[in-house]
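Q: I am attaching a structure below and will ask some questions about it afterwards.
The values are calculated or read from the model by the stated rules, or taken from the named source; none is laboratory data. All of these numbers come straight from a predicted model, not from anything done at the bench. In this analysis, Cβ positions are derived from the backbone assuming ideal geometry, glycine residues included, and neighbour counts consider all displayed protein chains.
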Protein chains: 2
Amino acid sequence: MAITLYNSINRQKEEFVPIEPGHVGIYVCGPTVYGPPHLGHAKSYITFDVLVKHLRHSGLTVRYVQNITDVGHLTDDADSGEDKIQRQARIDHVHPWEIVDKWTRQYMNDMEKLRIAHPNFYVRASQHIGEQIEAVQKLVEKGHAYEVNGNVYYEVESFPEYGKLSGRRLEEQKEGVRVESRSDKKNPRDFALWKKAEPGHILKWNSPWGEGYPGWHIECSVMATKYLGNTIDIHGGGLENKFPHHECEIAQSEALNDAPFCRYWVHNNMVTVDGIKMGKSLGNFRTCEDLLTSHSPEAIRAFVLTTHYRSPSNYTEEAISAAASGLSRLSQLQTALLEIIEKNVSAGTADNEAEKLCGEVDAKIRERLDDDIDTPGAIATLYSFVTEVNRFISASALSARVAAAILTVVKEWGSEVLGILPAVSNKTDVDIAPIMQMLIELRQEMKDAKKYDVADAIRNRLKDAGILIEDTRDGVRWKRI
Amino acid sequence: MAITLYNSINRQKEEFVPIEPGHVGIYVCGPTVYGPPHLGHAKSYITFDVLVKHLRHSGLTVRYVQNITDVGHLTDDADSGEDKIQRQARIDHVHPWEIVDKWTRQYMNDMEKLRIAHPNFYVRASQHIGEQIEAVQKLVEKGHAYEVNGNVYYEVESFPEYGKLSGRRLEEQKEGVRVESRSDKKNPRDFALWKKAEPGHILKWNSPWGEGYPGWHIECSVMATKYLGNTIDIHGGGLENKFPHHECEIAQSEALNDAPFCRYWVHNNMVTVDGIKMGKSLGNFRTCEDLLTSHSPEAIRAFVLTTHYRSPSNYTEEAISAAASGLSRLSQLQTALLEIIEKNVSAGTADNEAEKLCGEVDAKIRERLDDDIDTPGAIATLYSFVTEVNRFISASALSARVAAAILTVVKEWGSEVLGILPAVSNKTDVDIAPIMQMLIELRQEMKDAKKYDVADAIRNRLKDAGILIEDTRDGVRWKRI
């Protein structure tokens, strides 16, 4: 019955117990909005979408907060690069806010298309500049930070637990930290809380240390605790942010509030291409927008969810197509069940067996998702259910009542929680032009064969269907009435 | 050649001359995001959309900034009401940011559907709390504002030009200002720059005067000048914001920067219902989303633009339908021109006359829009052009080359600037189900009449068009191949 989550900080699966019974606060690292969302983003946000939906489906009230990084994320983790958004703005010759607006819009549109529910609300770094300055001031006062030449750094030595999330020891923490030629840090491990604005820097604010802008890590500490309390239930994000980003969040938040920052750390693994991480900087990414031109949202979700979130997903076109083929069986089942319901079949020889199976499958899928969001297990259960039910349908052994019960299970998990069941549409979005062309030619053939009654019938019946056929000097035209 | 605009502050049409040749900065008051956008909003944002598009089409580089009011807009202009967003959040039992996110999304989606181009960027009040606090501090220092009990008020007496935009004299300025029972203002005309947060107030920030939030007017002064300079070219907004909102903006900005705040004030008139202003508070509004279910975006735009922006538009369903009927002629012309182009007609007897007319119409429409964005005049010119061109088309008197030239004029103004020309779609998004039903019945009638060749032809031709008809025990079914 209990939901378990793999808690990265304790390196084990643990029963999930929210701080306040019945209520969950979850913070997920959102995008830095300077480019198109790609499949790697999709994996992360689909993962947390399913987690949140499963928590809600389990009766919990969830406040899901996600940040939009619109300032301060540097191109280089060593605090010496350029602001990613300002860099893009310079390239595009526009104000940085144009970059932010464009890519925030794209992000939200793509996520909507992927059937990802919006968080309860988004919070922007730029909306919390004052709060970030106050947090940095407090860290200086408490002896966890120091100012040098308008920059403020967190002194990692002052927080002995630094490394507890990533498990990196002192030596390892230096790995990947680029040696800065003219750094004013006391220690290379220290990280920026506030950066001095160099000449020409656009997104900057007044502060006790002069004009500057917040470091990337501080925004998450400030916003997560502002909206979810000093100790939050769940913090989600990509594995690549475990170090240094999330490690820094812990150091900042716990030093600020003297309270554990987060109870459950949930990290999703990456999407790879030929074994290499898909990422904007590597240039090997496929954007969501691009993928959505050739794949359905459900196929992309199914591709993501048939791998466990803690394992890497290797992207190939074939893998997405394979995921889609499983879905068409799900979709066909849905249609077949709707037909049985429509025909109002009164009794079926497999009703009892099917009803029992319904209960078992419902419990099994719940159990799979309860077990650290085992979506591959849940989907496999759903698919083998499809096989079983198809057997009943082939034997015409289901009543409308039981078909409806089966459909409820399929939709509850397949649509509401996993979001892989295509919606039933009674409006087929097809091009009627070739059909009209065929009808016009057919009518002409009838006329040529002197079957005027048939030709007139075509015309009249089309009129009833809302389409007018007109004989003009330039030939036959049609239009909607 | 010159563009003229009616400048509200000088109560006359004036030639528009930007401060920096070739570049225009425009700030338009955006929505307070606590409810659905309605036709009144549509009128305002369609107006400024056409203004900006016409400026750009005239070769000017435009930076168009619009604000999103997500904090501080009180239900009562007398500075004593509740924050509109927080009030809605209380009703809906959610965090105020959920209200902000929901309605900002709705606003942007509705505007997109109405073919309104996004501004270069949106700026949120909540993103500029620090800047607003700094501005209020400066106003206090300069003797234009005073603090009482954690509230800061602008002292209207200190700005002798107060009233210059609205033309309200001292006595009139008190009109509509509700008498507050326990006001701490020196003078009822004074307005709030910073409000103390009462217990239970959620959206609040630290300030030199304690916890509170900015008044509504200060956000526009701060953000307009931050992104467009101390003196901006054009400030747009609804007539209802002329007083007090825009009057307050002037008083704040000019006292802060010792420079004229804005050169051209452009105010759109309202949408009325039976002569009464359409508004959220009056409850007589039709939302954009609702209108878009029964009208095309082009019909709504045409309804708005066939009245001049400085005159009120009286909403009736008939008025929108009437606007749509004009558009269908425009749309049919487009189709007819495309046919001529497709047929590659080599010469036409009316080519010379039509080419001359093209040039005249192009100049005339430009002249109409140059003249204070006279959209009714521009649309009338376009419609009479349609009549003339139809005459040529009926006489088969146009070559493909001239048809293309005509189409360029029609699209340039009708689509790119006015946004009333429906897009040509080769994919008609209609429900083919009734057509298929008709065909299946027709085929059955043919079978019953023993006209098997016709019945088979229907089936075979549908197959060619990608639709399979199947005779099953349960009757005839169809599906896409």
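Q: Count, please, the residues in region A:343-380 that happen to be without any contact (Cβ under 8 Å) to a residue 12 or more places away in the chain and over 22 Å from A:I420 (Cα atoms).
A: Total satisfying the criteria: 2.
Q: Sticking with this one: Applying the selection to region A:388-409, what residues are surrounded by fewer than 16 Cβ atoms within 10 Å (Cβ to Cβ) and under 30 Å from A:L5 (Cα atoms)?
A: Scanning region A:388-409 gives a single hit, A:T408.
Q: What do you reckon, is A:I379 β-branched (V, I, T), away from every other protein chain (no Cβ under 14 Å), outside any helix (DSSP H, G or I) and surrounded by 13 or more Cβ atoms within 10 Å (Cβ to Cβ)?
A: Answer is no for this residue.
Q: I'd like the full set of residues that are over 20 Å from the mean Cα position of the chain (by Cα) and either free of Cβ contacts under 8 Å to residues at least 60 places away in the same chain or not assigned by TED's automatic domain parsing to the domain that holds A:Y27 (or both), limited to region A:229-261.
A: Result: A:N230, A:E249, A:S253, A:N257, A:D258, A:A259, A:P260, A:F261.
Q: So A:N151 passes all but one of these: (1) within 14 Å of chain B (Cβ to nearest Cβ); (2) closer than 30 Å to B:P208 by Cβ; (3) polar (S, T, N, Q). Which condition number does it fail?
A: (1)
Q: Could you grab me the full set of residues in region B:110-130 that are more than 8 Å from chain A (Cβ to nearest Cβ), surrounded by 21 or more Cβ atoms within 10 Å (Cβ to Cβ) and out of contact with any Ser or Thr (no Cβ under 7 Å at 6 or more places or on another chain)?
A: Of everything in region B:110-130, those that are more than 8 Å from chain A (Cβ to nearest Cβ), surrounded by 21 or more Cβ atoms within 10 Å (Cβ to Cβ) and out of contact with any Ser or Thr (no Cβ under 7 Å at 6 or more places or on another chain) turn out to be B:D110, B:M111, B:L114, B:I116, B:P119, B:H128.
Q: Also, quick follow-up: Being hydroxyl-bearing (S, T, Y), under 26 Å from the mean Cα position of the chain (by Cα) and either surrounded by fewer than 17 Cβ atoms within 10 Å (Cβ to Cβ) or modelled with pLDDT under 95 (or both): is that true of A:S331 here?
A: Taking the combined requirement at face value, the residue satisfies it.
One line per residue, one yes/no per condition, for (1) more than 30 Å from A:S296 (Cα to Cα); (2) modelled with pLDDT under 80; (3) facing chain B (nearest Cβ under 10 Å); (4) part of a helix (DSSP H, G or I):
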| residue | (1), (2), (3), (4) |
| --- | --- |
| A:V409 | no, no, no, yes |
| A:L421 | no, no, no, no |
| A:I440 | yes, no, no, yes |
| A:I458 | yes, no, yes, yes |
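Q: More than 14 Å from every other protein chain (Cβ to nearest Cβ) and either closer than 30 Å to A:R105 by Cβ or touching a helix residue (DSSP H, G or I) at 6+ places or on another chain (Cβ under 8 Å) (or both) - does that describe any residue in region B:92-109?
A: The answer is no; no qualifying residue exists.
Q: Separate question: Across region B:33-70, what is the total count of residues that are crowded, with 21+ Cβ neighbours inside 10 Å and in a loop (DSSP other than H, G, I, E, B)?
A: Adding up the residues that qualify gives 4.
Q: Condition check: more than 11 Å from chain A (Cβ to nearest Cβ), more than 30 Å from B:F303 (Cβ to Cβ) and surrounded by fewer than 19 Cβ atoms within 10 Å (Cβ to Cβ). Does B:A433 satisfy that?
A: No: the conditions fail for B:A433.
Q: Here's another thing I want to ask about it. Would you pick out the residues in region B:456-481 that are closer than 16 Å to A:L439 by Cα and either over 52 Å from the mean Cα position of the chain (by Cα) or free of Cβ contacts under 8 Å to residues at least 12 places away in the same chain (or both)?
A: B:D456, B:A457, B:N460, B:R461, B:D464, B:A465
Q: What do you reckon, is B:T428 over 30 Å from B:E298 (Cα atoms) and at pLDDT below 80?
A: Judged against the criteria, B:T428 is not a match.
Q: Please tell me if B:G130 is among the small types (G, A, S), assigned by TED's automatic domain parsing to the domain that holds B:D49 and not in a helix (DSSP H, G or I).
A: For B:G130, the condition - among the small types (G, A, S), assigned by TED's automatic domain parsing to the domain that holds B:D49 and not in a helix (DSSP H, G or I) - is not met.
Q: Just to be sure, is B:L60 in contact with a helix residue (DSSP H, G or I) (Cβ under 7 Å, 6 or more places away or on another chain) and away from chain A (no Cβ under 14 Å)?
A: So B:L60 fails the test.
Q: Looking for whichever is under 23 Å from the mean Cα position of the chain (by Cα) and assigned to a loop (DSSP other than H, G, I, E, B) here; the options are A:I365, A:I373. Which one fits?
A: Exactly one residue qualifies, and that residue is A:I373.
Q: Another question, if that's okay. Which one is surrounded by the fewest Cβ atoms within 10 Å (Cβ to Cβ) among residues in region A:19-31 that are over 21 Å from A:I276 (Cα atoms) and touching a helix residue (DSSP H, G or I) at 6+ places or on another chain (Cβ under 7 Å)?
A: Only one residue tops the list, namely A:C29.
Q: Take A:D453 and decide whether it is at the interface with chain B (Cβ under 10 Å from one of its Cβ atoms), of a type in the set (D, E), more than 47 Å from the chain's Cα centre (by Cα) and farther than 17 Å from A:R329 by Cα.
A: yes
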